[in-house]
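Enquirer: Below you'll find the structure I mean.
The values are calculated or read from the model by the stated rules, or taken from the named source; none is laboratory data. Model, not experiment: these values are computed from the prediction. Cβ placement follows ideal geometry from the backbone for every residue including glycine, while neighbour counts extend to all protein chains displayed.
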Amino acid sequence: SLMKSRTKLVTQSESWEYYFQLVEPSDEKLINKILGKEGMKKALLGCTETLNKVDFNNAIELEEALKTAAENADLKPGKLNQPVRFCVTSANGGADLMDTLALIGKEESIKRLKHNAEKFCLA
């Protein structure tokens, strides 16, 4: 039911592989747009430290951690959500981010976030 409200065709489920395995981003324009900002790598790696301290099954705690991580990186609250989603799922949109992170799980989400931030962030 996580994706039910966003799904119109069964074929759309093919794009959900990120729920099951690490998918590296491949769209250069999106990589540059979302991860190419100055300081983004540091912000995302700092975010992993903040996320490591929270319960991923508590959406409120998870959302607060993302806000805290954004503030720690001198970003407005919510400005890390899209880069976090992109690093964890390689998607530019999808189901609620807190639900997505909870479903993928803490360890796997943090692993993906670190991997893709280190590999694809320019600075």
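Enquirer: So, of the residues in the stretch 77-95 that are without any contact (Cβ under 8 Å) to a residue 60 or more places away in the chain and of a type outside the set (A, V, I, L, M, F, W, C), which turns out to be surrounded by the most Cβ atoms within 10 Å (Cβ to Cβ)?
Expert: The selected residue is Pro83.
Enquirer: What's the number of the condition Asp74 fails, among (1) assigned to a loop (DSSP other than H, G, I, E, B); (2) farther than 18 Å from Gly36 by Cα; (3) of a type in the set (Asp, Glu)?
Expert: Every condition holds for Asp74 apart from (2).
Enquirer: Then there's this: In the stretch 57-71, how many are in contact with a Ser or Thr (Cβ under 7 Å, 6 or more places away or on another chain) and either among the aliphatic types (A, V, I, L, M) or more than 26 Å from Glu38 (Cβ to Cβ) (or both)?
Expert: 2
Enquirer: Any residue in the stretch 49-65 that's at negative phi and crowded, with 18+ Cβ neighbours inside 10 Å: show its pairings with residues that are β-branched (Val, Ile, Thr) and not in a helix (DSSP H, G or I) at Cβ separation under 8 Å, as long as the two are six or more apart or on different chains.
Expert: Hits for this filter: Leu62/Val54; Ala65/Val54.
Enquirer: Give the residue, chosen from Ala69, Ala43, that is in a helix (DSSP H, G or I) and under 14 Å from Glu118 (Cβ atoms).
Expert: Ala43
Enquirer: Here's something else I'd like to know. Which numbered condition trips up Glu17, out of (1) modelled with pLDDT of 95 or more; (2) assigned to a helix (DSSP H, G or I); (3) surrounded by fewer than 14 Cβ atoms within 10 Å (Cβ to Cβ)?
Expert: Glu17 satisfies every listed condition except (1).
Enquirer: Just wondering, is there one or more residues in the stretch 49-58 that are assigned to a helix (DSSP H, G or I), over 10 Å from the mean Cα position of the chain (by Cα), closer than 28 Å to Glu28 by Cβ and not aromatic (Phe, Trp, Tyr)?
Expert: Within the stretch 49-58, the first condition is being assigned to a helix (DSSP H, G or I), and the residues that meet it are 49-51.
Retained after the next criterion (residues that are over 10 Å from the mean Cα position of the chain (by Cα)): 49-51.
Going one step further and asking which of them are closer than 28 Å to Glu28 by Cβ, we end up with 51.
Of the ones still in play, those that are also not aromatic (Phe, Trp, Tyr) are 51.
There is at least one residue in the stretch 49-58 that is assigned to a helix (DSSP H, G or I), over 10 Å from the mean Cα position of the chain (by Cα), closer than 28 Å to Glu28 by Cβ and not aromatic (Phe, Trp, Tyr).
Enquirer: A follow-up question, please. For the stretch 77-96, check the following and say yes or no: at least one residue is among the acidic types (Asp, Glu) and either outside any loop (DSSP other than H, G, I, E, B) or under 21 Å from Ala123 (Cα atoms) (or both).
Expert: No: the stretch 77-96 contains no residue that is among the acidic types (Asp, Glu) and either outside any loop (DSSP other than H, G, I, E, B) or under 21 Å from Ala123 (Cα atoms) (or both).
Enquirer: Collect the residues in the stretch 97-123 that are in a loop (DSSP other than H, G, I, E, B) and surrounded by fewer than 21 Cβ atoms within 10 Å (Cβ to Cβ), keeping them in residue-number order.
Expert: Correct list: Gly105, Leu122, Ala123.
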